[in-house]
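**Student:** Sharing a structure below in structure tokens format, with a few things to ask.
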Amino acid sequence: FPTVAKIRPQELMEGIGKLMLFGGVNISFIFRKYPIVSLPERVVIQWLEKHGLDGARMLAGHVPGPFVGSNGPDLNPITRFILEKYGEDDKVFANWAAGMFGGQVFAGSIADYTERRAAMAEPFLNFPIEAVQRWARGQIQFAEENVSKFRLSEEEAGLF
């Protein structure tokens, strides 16, 4: 993929896109090894413009989550494009939110992990894209509702 992406990124995106839109094909294994953001942004965005909501639904789970950069809270340009244009769609939102943490593994306290996720989300409460605000509110609400339960379970089990 890296070689093809350098030489023929448009064709690679079209090929991956056909697999995704075909349905019934799980292309997650491709994106774990070779993230979609490894392709030139303009190529992916052109593909999204061509395939609209269906394309956004397929790619949303494979784009990076929010991050705090040198200029504050931010998004990868492909993520931004998807969420600005299609973030109000429940399936796009659900795929994006689920994809952000899919496949992650951690060790330690689930309560601490949940608190860290909520703290990471706080700077995005006033982000200019509603879908990002919705995600941030969800992370914080989940933490508020569950951290004490997680801590109690961990203490009762003598884990932490």
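The values are calculated or read from the model by the stated rules, or taken from the named source; none is laboratory data. The model shown is predicted, which means the values in this text are computed figures rather than measured ones. Please note: Cβ atoms are built from the backbone with ideal geometry, for glycine as well, and neighbour counts cover all protein chains shown. Areas reflect the complete protein model, heavy atoms only, side chains present, ligands, DNA and RNA absent. Shrake-Rupley method; radii C 1.70, N 1.55, O 1.52, S 1.80 Å.
**Student:** For Val43, state whether it is more than 25 Å from Phe142 (Cβ to Cβ), part of a loop (DSSP other than H, G, I, E, B) and either modelled with pLDDT under 95 or not charged (D, E, K, R) (or both).
**Tutor:** In short, no.
**Student:** Shifting gears a bit: Does Gly52 satisfy the criteria of being touching a His at 6+ places or on another chain (Cβ under 7 Å), modelled with pLDDT of 80 or more and of a type outside the set (Asp, Glu)?
**Tutor:** no
**Student:** Under 6 Å between Cβ atoms, at least 6 apart or on separate chains: pull out the pairs that start in the stretch 115-129 with a residue that is at pLDDT 95 or above and end on any residue that is open to solvent by 60 Å² or more (accessible area, probe 1.4 Å).
**Tutor:** Pro123/Val68; Ile129/Glu84
**Student:** Take the residues in the stretch 68-101 that are open to solvent by less than 30 Å² (accessible area, probe 1.4 Å) and in contact with a strand residue (DSSP E or B) (Cβ under 9 Å, 6 or more places away or on another chain), then tell me which one is nearest to Trp135 (Cα to Cα).
**Tutor:** Here the residue is Leu75.
**Student:** With (1) open to solvent by 40 Å² or more (accessible area, probe 1.4 Å); (2) of a type outside the set (D, E, K, R); (3) not in a helix (DSSP H, G or I) as the list, and Gly65 as the residue in question, which single condition is left unmet?
**Tutor:** (1)
**Student:** When residues of the stretch 102-111 are filtered for being surrounded by fewer than 15 Cβ atoms within 10 Å (Cβ to Cβ) and touching a residue at least 24 places away in the same chain (Cβ under 8 Å), how many remain?
**Tutor:** 3
**Student:** Another one. I'd like the full set of residues that are under 13 Å from Met58 (Cα atoms), over 12 Å from the mean Cα position of the chain (by Cα) and either touching a residue at least 60 places away in the same chain (Cβ under 8 Å) or in a helix (DSSP H, G or I) (or both), limited to the stretch 72-89.
**Tutor:** Within the stretch 72-89, Tyr86 is the sole residue that qualifies.
**Student:** Take the residues in the stretch 11-27 that are modelled with pLDDT under 80 and among the hydrophobic types (A, V, I, L, M, F, W, C); name whichever of them is most open to solvent (accessible area, probe 1.4 Å).
**Tutor:** Phe22
**Student:** Residues of the stretch 141-160 being hydrophobic (A, V, I, L, M, F, W, C) and either open to solvent by 30 Å² or more (accessible area, probe 1.4 Å) or more than 13 Å from Ala111 (Cα to Cα) (or both), which ones?
**Tutor:** Taking the stretch 141-160 first, the residues hydrophobic (A, V, I, L, M, F, W, C) are 142-143, 147, 150, 152, 157, 159-160.
Answer for the stretch 141-160, where residues must be hydrophobic (A, V, I, L, M, F, W, C) and either open to solvent by 30 Å² or more (accessible area, probe 1.4 Å) or more than 13 Å from Ala111 (Cα to Cα) (or both): Phe142, Phe150, Leu152, Ala157, Leu159, Phe160.
**Student:** Of everything in the stretch 96-130, what is more than 30 Å from Glu154 (Cα to Cα) and not in a loop (DSSP other than H, G, I, E, B)? Give them in sequence order.
**Tutor:** Selection gives Glu130 alone.
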